[in-house]
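Reading through the structure tokens given below for one structure.
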Amino acid sequence: MPISSLIGLPVSGWLVDKFDSRWPLLWSFVFHGLFLLMIGLASTVWMFTVAIFLFAFSNRISNIAMNTQAINLQNMFTKKINGSFHGLWSLGGIAGVGITTLMLSLNISIESHFIGIALIMLIMIIPSFRHLLAKDKTAGPSQIFIKPDPLIMILGLVVFCAAICEGSMFDWSGIYFREVVNVELFTAGYLVFMSSMALSRFFSDWFIDLLGMQKTFILSSAMIVIGLAMAIIWPYFWPAMIGFMIVGAGTASIVPMVFTLAGKSKTYKPGIALSMIATFALVGFMLGPPLIGYIAHAFNLRFSFVLVAFCGLLIIPASIGYFRKDRATAKVSASPNLGEI
């Protein structure tokens, strides 16, 4: 799935810029449902491998097309609204866990489960399509492979660090509660992190309007470090729960802010910029959890979470560097051409 997602990233950026983003979104959503059904019906390892490859590929295209729609819509508003979209994504993840748990408890087959989800996807996308932004294709050449400029590189570093933090919490929070905190209800850490991140994203737009993006980046980074420090220093149930809740709130705003800034790039069209940023994020999701596992094996899990906190801390200098570079670039662009004076 990660390999397929990486292959799908440049293709998705090219598709949403060659066509209106709503068309790649429509067809990728349709195929996404069909390939999910294919996973449920797979009877051999090869069929299953092909199914999850195509599933991840279509998911990556729909993800970039959806975020392109969101960024283009955000650019029509003066108030920040992008955080709420990411909040709905987190809420959908929680709902997915709940639905799957219900299906398992009722002993419903995976074939029936995935058929039902695929039908829901198709039912939702068809009436929604006519309400999507049309003709959001922007001027300029559409390329599959393109080199990121310094501003995108810095945003990529920010989202890379954020992805390591999020990915590590997704994969290791439950294990941390079981192995370090020593509680039977080991899913509590994951649940409180996800719930906090989802809820905070619905308020993130208000905070960004209140504080500005640069201060919100610093506050978010500080909350990640403080939350993880609580769980590391006091590995007991309530300090760890509160700590993971703070980490969830800290990670909530970072990805929406990075996507919003990338969508305003003066060098690239939104679809291309988002696909490059998503590449950094995907690499962070891929590298972070295994790296935590190797460090935990060599030392212990508490020590490995120090690396996660360090990645969270790196967001502060990286984000400050971005805004300095952005201001310097704006000054150069605004300077009069000496040959015209």
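Values in this text are rule-based calculations from the coordinates and carry no lab data. Note that the coordinates shown come from a computational prediction; the quantities given were computed from them, not determined experimentally. Because the Cβ atoms are built from the backbone with ideal geometry, glycine has one as well, and the counts that use them run over all protein chains shown.
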Self-check item: DSSP loop chymotrypsin sites (Phe, Trp or Tyr not before Pro) with at most 14 other Cβ within 10 Å excluded, longest remaining stretch of the chain
Solution: 146-235
Quiz prompt | Convex hull per residue volume in Å³, alpha carbons only, for segment 150-330 | solution = 101 Å³
Quiz item: Scanning the chain for trypsin sites (Lys or Arg not before Pro) in DSSP loops with at most 11 other Cβ atoms within 10 Å, what's the longest stretch left with none?
Solution: 136-265
Exercise. Order by neighbour count: V97, V225, fewest other Cβ atoms within 10 Å first, most last.
Key: V97, V225
Practice problem: Calculate one ³J(HN,Hα) per residue across segment 57-73 by plugging θ = phi - 60° into the Karplus curve 6.51 cos²θ - 1.76 cosθ + 1.60, and present them in order as whole Hz with x for glycine and proline. | Solution: 5, 5, 5, 5, 5, 5, 5, 5, 5, 5, 5, 5, 4, 5, 5, 5, 5
Quiz item: Under a GNM of the chain (C-alpha, springs under 10 Å), which listed residue has the highest mean-square fluctuation: I224, I233, I315?
Solution: I233
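Could you compute the FRET efficiency for F237 and F203, with r as their C-beta to C-beta distance and R0 at 22 Å, rounded to 0.05?
0.25
Add -39500 (n - 2.57) for each DSSP H run of 4 or more in the chain, then divide by its residues: what number comes out at 222 nm, to the nearest 500 deg cm²/dmol?
Working: 12 runs with 275 residues, N = 341.
Taken over the chain, the calculation gives -28500 deg cm²/dmol.
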Self-check item: For the chain, with +1 on Lys and Arg beta carbons and -1 on Asp and Glu, the positive-most of S105, G13, G312 along the dipole
Solution: G13
Quiz item: Which ³J(HN,Hα) values in Hz, rounded to whole numbers, follow from the phi angles of segment 76-88 under the Karplus curve 6.51 cos²θ - 1.76 cosθ + 1.60, where θ = phi - 60° and Gly and Pro get x?
Solution: 8, 10, 7, 6, 7, 10, 5, x, 5, 5, 5, x, 5
Quiz prompt | Diffusion constant of segment 2-129 at 4 °C, which comes from Stokes-Einstein with the Kirkwood Cα-pair radius and 1.567 mPa s, µm²/s | solution = 82 µm²/s
Quiz prompt | Descending semi-axes in whole angstrom, ellipsoid equivalent of segment 182-268, from the Cα gyration tensor | solution = 29, 12, 11
Practice problem: Within segment 205-237, which residues have the backbone N less than 16 Å from the label spot 7 Å out from R324 along Cα→beta-carbon, could you tell me? | Solution: 214-215, 218
Quiz prompt | At q = 0.17, 0.23 Å⁻¹, base-10 log of I(q)/I(0) for segment 227-341 (Debye sum, equal scatterers on each alpha carbon) | solution = -0.99, -1.33
Quiz item: Quick one: Debye curve from the C-alpha atoms of segment 230-273, no solvent, what's log10 I(q)/I(0) at q = 0.22, 0.28 Å⁻¹?
Solution: -0.69, -0.88
Self-check item: Under the Karplus curve 6.51 cos²θ - 1.76 cosθ + 1.60, θ = phi - 60°, whole-Hz ³J(HN,Hα) for segment 289-303, x wherever Gly or Pro sits
Solution: x, x, 4, 4, x, 5, 5, 4, 5, 6, 10, 7, 5, 4, 5
Exercise. Report which label in (1) 130; (2) 154; (3) 139 holds the value of volume of the Cα convex hull per residue in Å³ derived from the coordinates of this structure.
Key: (2)
Practice problem: Mind sorting T100, T216, T68 by how few other Cβ atoms lie within 10 Å of their own Cβ, fewest first? | Solution: T100, T216, T68
Quiz item: Can you count the Lys pairs in the chain whose Cα atoms are under 12 Å apart, with each pair 8 or more apart or on different chains?
Solution: 4
